[in-house]
1. Select from region 119-144 the residues that are closer than 25 Å to Pro77 by Cβ and polar (S, T, N, Q) and write down the one among them that is surrounded by the most Cβ atoms within 10 Å (Cβ to Cβ).
2. Consider Asp51 against the criteria (1) touching a residue at least 12 places away in the same chain (Cβ under 8 Å); (2) part of a helix (DSSP H, G or I): it satisfies all of them except one. Which criterion is unmet?
3. Among the candidates Val64, Val74, single out the residue that is among the aliphatic types (A, V, I, L, M) and touching a residue at least 60 places away in the same chain (Cβ under 8 Å).
4. Only residues that are within 13 Å of Ala17 (Cα to Cα) and not aliphatic (A, V, I, L, M): list them for region 48-60, please.
5. I need the full set of residues from region 30-51 which are surrounded by 14 or more Cβ atoms within 10 Å (Cβ to Cβ) and either in contact with a Pro (Cβ under 8 Å, 6 or more places away or on another chain) or aliphatic (A, V, I, L, M) (or both), in order please.
6. Please verify whether region 52-61 includes one or more residues that are surrounded by 12 or more Cβ atoms within 10 Å (Cβ to Cβ) and closer than 25 Å to Arg144 by Cα.
7. Do you know which residues across region 86-99 are free of Cβ contacts under 8 Å to residues at least 40 places away in the same chain and either outside any helix (DSSP H, G or I) or in contact with a Cys (Cβ under 9 Å, 6 or more places away or on another chain) (or both)?
8. When you look at Ala17, is it within 28 Å of Asp119 (Cβ to Cβ) and assigned by TED's automatic domain parsing to the domain that holds Ser124, yes or no?
Amino acid sequence: MSKASKTDYRRIARELAQQMGYELVEAGIEKEGAGQYLRFYLDSVSGISLDDCEAFHKRIQPLVEDVDYDFLEVSSPGVDRPIRTPAYAAKAVGQTVEIKLYRPLEGQKVFTGTFLGMDDKAYSIVTGQRELSFPIKDVALARRVIDVEQELAMADEPEQTQEETDEQ
């Protein structure tokens, strides 16, 4: 694999992530107070651990030496990751989502509802009794709404074995 230029670090990272069994969710350079951050967000079927982030960091760093950045970060996108791909959109169907628009629609920029899906043109939700569609170009952010208490309760529940499930 060759070193990355400013324009192809995403391609290099996508190829490396695929080789390592990960999905590159997002990559970008962001200016913050302390400098330029080159960030990579990874995911996989089994989730991303700190060891996964470290392994990717060690492999990507020499490949992006000529990219202008001050800090290199690798992390999981988290449970409230933005819904940007059809694959992640399919996982979010039926979940509560928040859609933030660039410009107000009917005097409102933020909509919350049950996610119906996303196609190549729009995001669709049901809120109250209305089904709404938002053109992708108008959406600043779409992400799941996380109920922390519910997530913690689910994490505390012991997993049932197949035998326990069959007995019920």
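The values are calculated or read from the model by the stated rules, or taken from the named source; none is laboratory data. Note that this is a predicted model, so its numbers are computed, not measured. Quick reminder, even Gly has a Cβ in these numbers, built from the backbone with ideal geometry, and neighbours come from all protein chains shown.
1. Ser124
2. Single failed check for Asp51: (1).
3. None of the other options fit; the residue is Val64.
4. Filtering region 48-60 for residues within 13 Å of Ala17 (Cα to Cα) gives 48, 52-60.
Scanning region 48-60 gives Asp52, Cys53, Glu54, Phe56, His57, Lys58, Arg59.
5. Scanning region 30-51 gives Leu38, Tyr41, Leu42, Asp43, Ile48.
6. Taking region 52-61 and keeping what is surrounded by 12 or more Cβ atoms within 10 Å (Cβ to Cβ), we get 52-53, 55-57, 59-61.
Cutting the leftovers down to closer than 25 Å to Arg144 by Cα gives us 52-53.
Within region 52-61 (the criterion being surrounded by 12 or more Cβ atoms within 10 Å (Cβ to Cβ) and closer than 25 Å to Arg144 by Cα), the answer is yes, since at least one residue qualifies.
7. Of everything in region 86-99, those that are free of Cβ contacts under 8 Å to residues at least 40 places away in the same chain and either outside any helix (DSSP H, G or I) or in contact with a Cys (Cβ under 9 Å, 6 or more places away or on another chain) (or both) turn out to be Val93, Gly94.
8. no
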